[in-house]
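A short write-up of the structure that comes next.
The values are calculated or read from the model by the stated rules, or taken from the named source; none is laboratory data. No experiment lies behind these values; they were computed from the predicted model shown. Counting neighbours? That spans all protein chains shown, and the Cβs are built from the backbone with ideal geometry, glycine included.
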Amino acid sequence: MFQSRKTILLAALSVAVLPVLAQDNKRLLERGTYLMNGIVACGNCHVQRDKGKPIVERGLSGGMVFDEEPFKAYAPNITPDPETGIGRWTDAQLARAIREGIRPDGTVIGPPMPMAFYRDLSDDDLAAIVAYLRAQPALKNVVPKSDYRMKLPPNYGPPITAKVTAPSPKDAVKYGAYLAGPLGHCLECHTPWVKGVPDMKRIGAGGNPFKGPWGVAVSRNLTPHESGLKGWSDAEIARATQTGVRKDGSPLNPPMAYAWYKNISADDMKALTAYLRSLKPLPFGG
């Protein structure tokens, strides 16, 4: 009799917990979808391209090449394909690769993966990104191995064990810094590089060249300097970020992720702009 009651109680608890778990999973996937289709924009690198244009139906199956001194890197397949993607990785292994730059086999992920920024991803947003990746179709695509003509570090810092939380959206500048850093890694491209890594003493000053089918695009100065965003209105900054149109109406070149940034919410765009306006004014290139 006791065993029967215990079984009934456990069954009742399971039924009660299932809707809660389903709601949590739904919340994570919704957040992950917003982030990945917006400010995080992993597809800007991990979607295959044809003459620079994203092949959306190939999802996040990788293959885009980054031929920048001192490396020639290929964006890996991050779909759940078990042979050529991340299908055999556990959630914990995937989270560690994203935030710490360490693959399940212990090897280190190199540039242009923005590890200097991803280490500050919040636990919740990291879980949401993992949930999104798990929900994608598994696509087979063998990607060449990256070639680094530089010494990669053994790691990007100690293992992250403490809880990581995001700033409150109520603090526009701090939350904007989180959007531009860990989430959008805007500063990875818009801060001058030294030996393949951003020089954070010249944060936001731009000046990095990016080769592609469009020719050579140079990252712009995002600081409130005369050579940067001084004199730009909030609306002009939002238009440039989300549609690729400069203040003077001329088009900006890739690799800016306009196809994704167009989905950034109005509130997040305001916070991002508030942060950019708070940066130290620096001349172009620092």
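See the values below:
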item	result
Some residue of the stretch 88-105 being more than 17 Å from the chain's Cα centre (by Cα), modelled with pLDDT under 95 and part of a loop (DSSP other than H, G, I, E, B)	no
Pairs with Cβ under 8 Å, 6+ apart, first in the stretch 138-161 and farther than 23 Å from ASP67 by Cα, second among the basic types (Lys, Arg) and at pLDDT below 95	LEU139/ARG58
Leading residue by the ranking (farthest from CYS45 (Cα to Cα)) among those in the stretch 80-106 that are out of contact with any helix residue (DSSP H, G or I) (no Cβ under 8 Å at 6 or more places or on another chain) and β-branched (Val, Ile, Thr)	THR90
Segments classed as helices (runs of 4 or more DSSP H), wholly inside the stretch 171-286, with at least 1 members that are of a type outside the set (S, T, N, Q), crowded, with 22+ Cβ neighbours inside 10 Å and in contact (Cβ under 8 Å) with a residue 60 or more places away in the chain	172-178, 186-190, 258-261, 266-278
Test set (1) assigned to a loop (DSSP other than H, G, I, E, B); (2) within 20 Å of the chain's Cα centre (by Cα); (3) not charged (D, E, K, R) - PRO154 fails condition number	(2)
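A quick yes/no check of all residues on (1) among the polar types (S, T, N, Q); (2) touching an Asp or Glu at 6+ places or on another chain (Cβ under 8 Å); (3) under 22 Å from ASN25 (Cα atoms); (4) in contact (Cβ under 8 Å) with a residue 24 or more places away in the chain:
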site	(1), (2), (3), (4)
LYS51	no, no, no, yes
PRO54	no, no, no, yes
SER61	yes, yes, no, yes
MET64	no, no, no, no
TYR74	no, no, no, yes
ARG88	no, no, yes, no
ILE102	no, no, no, yes
GLY110	no, no, no, yes
PRO114	no, yes, no, yes
